[in-house]
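Reviewing the structure listed below.
What follows draws every value from the coordinates through simple rules; no lab data is involved. Worth saying up front: this structure is predicted, and the values here are computed from it rather than measured. Methodologically, a virtual Cβ is constructed for each residue, glycine included, from the backbone with ideal geometry; neighbour enumeration extends over all protein chains shown.
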Amino acid sequence: MTLELHATPEEVMRAVDALQELGQARQVAENTLFGLALALGECASNIVKHALRRDARQRFRVTLEHTGSAMVIELRDRGPEFDPTQAPVKEKDANDDDRPPGGWGIQLVRRYIDEMRYTREGDENVLRLTRRLGVPTGQKQLRSETQSCKPNKTKPCPSKFKSNRTSAARKPEPSP
């Protein structure tokens with residue numbers, strides 16, 4: 001299914017609604033569909049806001065495909081070249097509360113999508129998002145959490161990957 005959309009928030013929601021209808025018709029798990037809808041909403045909103053500057057005369061295209069083993073979302077726009085796969089991975093830190101909001105959309109997409117591919121075809125940005133189906137959600141989450149696990153007070157690593165080291169305060173050497 002291919003949708004030609006104007007660069008407006010309402011059209012972003014139209015694409016998300018179409019994805020949800022397709023997913024429900026194909027009996028895609030609700031939690032998988034939630035992640036896909038979030039990823040589509042973030043990417044399409046970025047196109048509207050940044051690539052097409054909220055100009056409702058501008059258009060972009062969304063193609064939704066269910067292959068049986070995966071859901072694929074392809075977004076195409078004629079905005080300035082931008083490869084979201086090259087955006088740095090953000091790490092949350094203690095100073096995040098002092099930062100202005102925003103900039104976490106690509107991180108959310110990475111969380112819910114198995115594969116993100118970008119190409120520039122002529123004057124078009126082409127972003128292809130793939131989520132494999134049939135992967136138990138718990139296993140997928142465990143893999144993604146442990147691959148980049150950095151324990152903290154609110155979210156420890158899964159027990160299999162916890163550090164067994166203990167840190168003892170080093171006593172200063174006596175001076176001669």
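As a proxy for reagent exposure, ranking 112, 118 by other Cβ atoms within 10 Å from fewest up yields 118, 112. Using 0.36 nm per residue and subtracting the Cα-Cα separation, the extra length available between residue 55 and residue 115 on full extension is 18.7 nm.
Taking label positions 7 Å along the Cα-Cβ direction at both residue 132 and residue 86, the computed distance is 2.8 nm, reported to one decimal.
Distance from the C-alpha centroid of the stretch 40-95 to that of the stretch 115-129: 9 Å, rounded to the whole angstrom.
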